[in-house]
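What follows draws every value from the coordinates through simple rules; no lab data is involved. Keep in mind the model is a prediction, meaning the values are calculated, not measured. Glycine gets a Cβ as well: all are built from the backbone with ideal geometry, and neighbour counts include every protein chain shown.
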Amino acid sequence: MMPSVRLVPLGGLGEFGLNALVLEHGEDRLLIDAGVLFPSADMLGVDSIVPDFEYLASAPGTLHGILLTHGHEDHIGALAFALQAAPAPVYGSALTLGFARRRLRERGVSADLRTLTPGDPVEIGPFRVHPIRVAHSVLDSLALAIETPAGVVVSSGDFKIDPTAAPEARTDLESLARWGERGVLALLSDSTNAESPGFTGGEDDVVPAFEDVFARTRGRVLVSCFATSIPRMQRVADLAMRAGRRVGFVGRRMVDNAEVALELGLLRIPDRSRVPTWEMAAAPPGSLAVLVSGSQGEPLSALSAVARDEQRDVSVGPGDTVVISARVIPGNERAVSRTISNLFRRGCDVVHPATARVHVSGHGGQQDMLELLKAVRPAYLVPIHGEYRMLVQHARVAAASGLLPADRVLVCEDGDVLVLDAAGARKEGRVEAGRTLLDSGAGELEEVVVRDRRHLSSAGIVVPVIVLDKQTGRVESAPEIVTRGVFDAEDRAELLDEASRLLAESVASRPDEERADPALTRERVRGELRRFFRRRTQRRPMVIPVVMEV
Ligand SMILES: [Zn+2]
Ligand SMILES: [Zn+2]
């Protein structure tokens, strides 16, 4: 039998985030990334979403390793859950493992963490994994060339080409091209910016806008970016120090990640140029530059607290400038907008990507994607990381480039099983690729719970209470109806009287066979009220009847 390799995406192909892809040869497998998906605003009370790792737990065979391409939450945030499903050694670069170690500690999960270094291949089961440096918005990001018995699979991780990046952070196109010369079976490539023509700019593109901010701000400068954006933090710190300011960090994630990066020497700020949190309130405003977490307007974040003037260590007012140096993740637009308005209300200036070039993406645009394709020259291209529209756009750009035939570009979705061997590539069935919703306590939430919350939030709740005589089954007193969030005070009394009469009649006239079973009476009451509310208010509140026998 000719050797084959199977790719099983458990997440990340069809959404932005949730990245987790299984690569397997027979019953030997690797997991590439284990990331979270951030919930949209209508997922009430959902804190994060992780892939369903049931496949790892139940498929026969061995998970030999979990490979982390870089330290973003959408690639490492679900690691604890992957490990619970199938314990295995975890591989990643020093910074990635530094971040991951903290996340695991928070969840009380231990793991065997093994550092990957570009240029040093590692044997993992029947696979040989070669880490390759790529440029991205977090340092120490890797692409992976994985030798399998069926051929070489290259996974790009998140990347951009960025020839202006520092040599130690630049995408190593030479190594990638060497794999291209040896022959690559499949390239899995980041599709996040497949809709942006051209190349994505370099990190240094943000420098002029920040120079401008430091030149004209007399008071405090606050900068909010992703807590993983170490290169951005370094640039801000360098400009701040040049302007004679000391640099501080506010917000749990920001403080945490800065500590990890400082320890590893990946963020370089001398001690004398750092300001501890407890000194910030008393420090002269013009001497401060503060990196603050909360660029997505998260209500519990440090930046939101600053905007409401409820942050203990730092406040803002006239003369200060707040820079939001991150893109808005879809779904967070309103929260970010509210934060910006609140900051303006404090009298400070606010600079954000819509008004100045204070952010540049970490993901390559169409030209970056083609550049990688040209270097790797795979037999097959599989677009990964992105909503379906981005995967398709990536496929179109690749096919139109003529770098490989259109039928060699394979658009897959979560759960699709893709089999590759010397004879070709084909989809072979599907596996379960669900999601697990978590609330803020990291407890699991069933999908139905969130659906109920959405229903309650959009239409309210009605609780009719019916008291029946146990012996006769007759209605004891006029049914009481409690409602919340259903209608205005004026209509209320009249409508409820009417509904109560209707229920009393309906229950009184129910056939004998229903009398024996209170569950049937409950169903009758529910149906009557649903029809009543739909007819009279055009609304569909949740109806929860309580039928008591006394
Ligand atoms: Zn990333
Ligand atoms: Zn990503």
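How high is the relative contact order of the chain? Use alpha-carbon pairs under 8 Å, at least six apart in sequence, and give a whole percent. Normalised by residue count, the contact order of the chain is 16 percent. Farthest towards the positive end of the charge dipole of the range 346-505, among the residues Thr472, Val419, Ala398, is the Cα of Ala398, using unit charges on the Cβ of Lys, Arg, Asp and Glu. Gain on full extension, evaluated as 0.36 nm per residue between Glu428 and Glu490 minus their Cα-Cα distance, stands at 16.3 nm.
Remark: the chain carries a charge dipole of roughly 1140 debye about the Cα centre, counting +1 on each Lys and Arg Cβ and -1 on each Asp and Glu Cβ.
Counting 0.36 nm for each residue step from Arg268 to Arg501 and taking away their Cα separation leaves a gain of 76.4 nm.
Between Glu480 and Arg338, the simple spin-label model (points 7 angstrom out along Cα→Cβ) gives 3.5 nm. Taking only the C-alpha atoms of the chain, the Rg (one decimal) and the largest Cα-Cα distance, Dmax (whole number), read 28.3, 87 Å.
With helices as the sole contributors, the chain gives -10000 deg cm²/dmol at 222 nm; each DSSP H run of n ≥ 4 counts as -39500 (n - 2.57), and the sum is divided by every residue. At full extension, Asp452 and Thr277 could sit 58.8 nm farther apart than now, given 0.36 nm per residue minus the alpha carbon distance.
With 10 Å bins beginning at zero, the pair-distance distribution over Cα atoms of the range 367-471 amounts to 11, 26, 20, 16, 14, 6, 4, 3, 0 %. Contact order, relative form, for the range 236-338: 27 percent (alpha carbon pairs under 8 Å, 6 or more residues apart, mean separation divided by residue count). Among beta bridges from DSSP that stay inside the chain, the antiparallel ones total about 50%.
A convex hull fitted to the Cα coordinates of the range 195-289 yields 117 cubic angstrom per residue. For the range 193-270, calculate the relative contact order in percent as a whole number, restricting contacts to Cα pairs under 8 Å that are 6 or more residues apart. After rounding, I find 28 percent.
Applying 1/(1 + (r/R0)^6) with r as the Cβ-Cβ distance of Arg540 and Ser401 and R0 = 60 angstrom yields a FRET efficiency of 0.75.
Please work out the C-alpha center-to-center distance from the range 295-365 to the range 475-548 and express it in whole Å. For the range 295-365 versus the range 475-548, the Cα centre distance is 48 Å.
Of all lysines in the structure, the ones whose alpha carbon falls short of 27 Å from that of Lys160, not counting any fewer than 8 places away in one chain, are Lys374. Both radii come from the Cα set of the range 110-185: Rg as radius of gyration, Rh as Kirkwood radius; their ratio Rg/Rh reads 0.98.
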